[in-house]
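Working notes, structure below.
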Amino acid sequence: MHTSVIVTELTVLVLAIFVGVEVISKVPTMLHTPLMSGTNAIHGIVIVGAIVVAGLPDQTTWVRVVALTAVALGTMNVVGGFVVTDRMLGMFKQRRKPSAELPAGGDGSVDAARSERKAAPAPTERS
Amino acid sequence: MSRSDAIALAYLATIIAFILALRFLSSPVHAPLGNRIGALGMAIAIAATFAQPHLHHKLSILIVMIVSAPIGAYAARAVKMTAMPQMVALFNGVGGGAAALVALADFHHVAPEPGRIKTDVAISIMLSALIGGVSFAGSLVAFAKLQELIRGRPIVYPGQKIVNAVLLAALLALAIVVIVGPQRNALVIALVCGALLFGVLFVLPIGGADMPVVISLLNACTGLAAAATGFVLHNNVLIVSGMLVGASGTLLTLLMGRAMNRSLANVLFGAFGQVTAGPAGAAADADGASVRSTSADDVAVMLAYAKKVVVVPGYGLAVAQAQHDVRALADLLEQRGVEVTYAIHPVAGRMPGHMNVLLAEANVPYPQLKEMDEANPEFSRTDVALVIGANDVVNPDARNNATSPIYGMPILNVDQAQAVVVLKRSMNPGFAGIDNPLFLNPKTVMLFGDAKASVEKLAGGVKNL
């Protein structure tokens, strides 16, 4: 007996939910921001879908443009997500190290260069 | 073993890497390693995708990736820790947009032959387009609100809920039409445009103080959109990763709701904080109690001669970028033998755990950061509670006043400390627009001004003693 693909996929989906809830409920409140940016990076996996669609043969120009835009967005999502999470996690220390500056690592697809915080548009919201 | 089996196994390795990455987040010690394992997993997945036998146009895909990667990396490195909520919202939107575009492109690719799309695939395409579009537009609005490009307060108009409900119903109807009826490109484009509009309208009425909930909800949405894409392309790694994110976002959303004692529906549809409540500058209430304003030097003396000081940070600290100054002040106090800890409310700031990241950036060791349950019993033994830019999370009305909109929300019981010092920009009500009786408490003194400037003055005062 062969189950159809959709049933297998639903099984996988449901198991993933349980694994997700199990793993994430162990994350302390302190790390919820890195958790969000980490999961942000993980949903960048949609880049795999973008690559597959961008790589389909016999596309129209329209499909090609849309799919390549998706590839671009996915890449930014993945690279930015992992880099920013790495930066953030590097700051959590058990003891104070005088003048400890964060050595930021890279992710798989882009090379890691040391860097320092630069001026970025700051929020000007008032409470 | 065939090539497709090898690719499937590579995807399995990716799934394992992602689960480990989340698992390692249970402790700050291992978390950085976990994140790198996750990044490695992502690299494996991308490489495996390139190894697929029928993949065309590899060069153009690669060029697009090489061009866009540094943009993401630059943004991630340049962003200030105080701007992290915006950054997360932005990356979240970008991911959701990618999912919607994948759905759009895939539909257009297969659509020329009507009837060729199987029902399950069609449903998945619609879900991916719909959720991805909502997530993209909603995240951008959240970004704009947090970046103050548009007003953070709820934007409401009469009949708003009805408009939103009608729009959502229309979108669902349209999706069903595409699934069972004519599978036309134009309909799918209309669906995506409608989803974008809904995303905008859906987030506009939600106030800035509820952003932690919205961001984690949108995070869950993007995860679900990615999982739906996995059903379209029959790809397990997308299904599992998307669902891990979906579970995480949902869990965080519920957690935030619980921390505010409000239902998700109330957060999303309540337009909380639209009340431009009460006379903003009300310095005296009916009992004749009044706000006592004080000078930095007086507070410096209070702090320097205290045994135990608890710092309660809120979003005002982030806005003023005062985290480094707070740490410098704490250092000075510790040199004088004062015990300093930090009490962190789960919804302080604009995203879950926001304050922890800021204080970690300022080199505060994380064992000094106390969660609410741990911090509250300590307040009765605390000499001075130093509230910096926090408001609603220390509002005793949440405990005492059944008519308050935030009644029932667990708060930090700073009013149990011997003395309370509130650093605040002005008497304007906080983001939720609710009066705070803590400010009228006889134990409380207010130090008005920018949080950063005030903390600098306090440090100067302590130094001169």
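The values are calculated or read from the model by the stated rules, or taken from the named source; none is laboratory data. Since we're looking at a predicted model, the values are computed, not measured. With ideal geometry, Cβ positions are generated from the backbone for all residues, glycine too; neighbour counts draw on all protein chains shown.
List of remarks:
- Residue within the range B:108-117 that is in contact with an Asp or Glu (Cβ under 8 Å, 6 or more places away or on another chain), assigned to a helix (DSSP H, G or I) and assigned by TED's automatic domain parsing to the domain that holds B:Ala209 present: no
- Of all residues making up the range B:65-78, the number that are surrounded by fewer than 24 Cβ atoms within 10 Å (Cβ to Cβ) and closer than 19 Å to A:Gly90 by Cα: 4
- When residues of the range B:89-143 are limited to those that are of a type in the set (S, T, N, Q) and buried (at least 20 other Cβ atoms within 10 Å of the Cβ), the one farthest from the chain's Cα centre (by Cα): B:Ser124
- Residue in the range B:172-186 that is out of contact with any Leu (no Cβ under 8 Å at 6 or more places or on another chain) and either under 24 Å from B:Ala348 (Cβ atoms) or in the same structural domain as B:Ile406 (by TED's automatic domain parsing) (or both) present: no
- Taking the listed residues A:Asp58, A:Asp86, the one that is closer than 18 Å to B:Ala17 by Cβ and not hydrophobic (A, V, I, L, M, F, W, C) is A:Asp86, with no other qualifying.
- The range B:431-465, residues that are charged (D, E, K, R) and either over 28 Å from the mean Cα position of the chain (by Cα) or outside any helix (DSSP H, G or I) (or both): B:Asp435, B:Lys443, B:Asp450, B:Glu456, B:Lys457, B:Lys463
- In a residue-by-residue description of the range B:62-82, the property of being among the small types (Gly, Ala, Ser), modelled with pLDDT of 95 or more and under 14 Å from A:Ile42 (Cβ atoms) applies to no position.
- Lone unmet requirement of (1) more than 7 Å from chain B (Cβ to nearest Cβ); (2) touching a Phe, Trp or Tyr at 6+ places or on another chain (Cβ under 9 Å); (3) of a type in the set (D, E, K, R) for A:Glu9: (1)
- Residues in the range B:339-368 that are farther than 16 Å from B:Ala318 by Cβ, out of contact with any helix residue (DSSP H, G or I) (no Cβ under 7 Å at 6 or more places or on another chain) and not polar (S, T, N, Q): B:Glu339, B:Pro365, B:Pro367.
- Number of the condition not met by B:Val338 [criteria: (1) at positive phi; (2) surrounded by fewer than 24 Cβ atoms within 10 Å (Cβ to Cβ)]: (1)
- In the range B:308-353, the residues that are within 10 Å of chain A (Cβ to nearest Cβ), assigned to a helix (DSSP H, G or I) and charged (D, E, K, R): B:Arg327, B:Asp331
Rundown of residues vs (1) assigned to a helix (DSSP H, G or I); (2) within 7 Å of chain A (Cβ to nearest Cβ); (3) surrounded by fewer than 22 Cβ atoms within 10 Å (Cβ to Cβ); (4) at negative phi, yes/no style:
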{"site": "B:Pro28", "(1), (2), (3), (4)": "no, yes, yes, yes"}
{"site": "B:Gly38", "(1), (2), (3), (4)": "yes, yes, no, yes"}
{"site": "B:Ile44", "(1), (2), (3), (4)": "yes, no, yes, yes"}
{"site": "B:Pro53", "(1), (2), (3), (4)": "no, no, yes, yes"}
{"site": "B:Ile63", "(1), (2), (3), (4)": "yes, no, yes, yes"}
{"site": "B:Pro85", "(1), (2), (3), (4)": "yes, no, no, yes"}
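- Selected residue (only one of B:Phe91, B:Phe18 is in a helix (DSSP H, G or I), in the same structural domain as B:Ile131 (by TED's automatic domain parsing) and not aliphatic (A, V, I, L, M)): B:Phe91
- Flag for B:Leu174 being within 14 Å of chain A (Cβ to nearest Cβ) and assigned to a helix (DSSP H, G or I): no
- Every pair of residues 6+ apart whose Cβ atoms lie under 6 Å, when the first sits in the range B:149-178 and is farther than 20 Å from B:Gly208 by Cα while the second is of a type in the set (Gly, Ala, Ser) and assigned to a helix (DSSP H, G or I): B:Leu171/B:Gly194
- Candidate set from the range A:13-69 (those that are more than 7 Å from chain B (Cβ to nearest Cβ) and in a helix (DSSP H, G or I)); member that is surrounded by the most Cβ atoms within 10 Å (Cβ to Cβ): A:Arg64
- Filtering the range B:285-305 to residues that are touching a Leu at 6+ places or on another chain (Cβ under 8 Å) and either at pLDDT 90 or above or small (Gly, Ala, Ser) (or both) leaves B:Ala289, B:Ser290, B:Ser293, B:Ser295, B:Ala296, B:Val299, B:Ala300, B:Val301, B:Leu303, B:Ala304.
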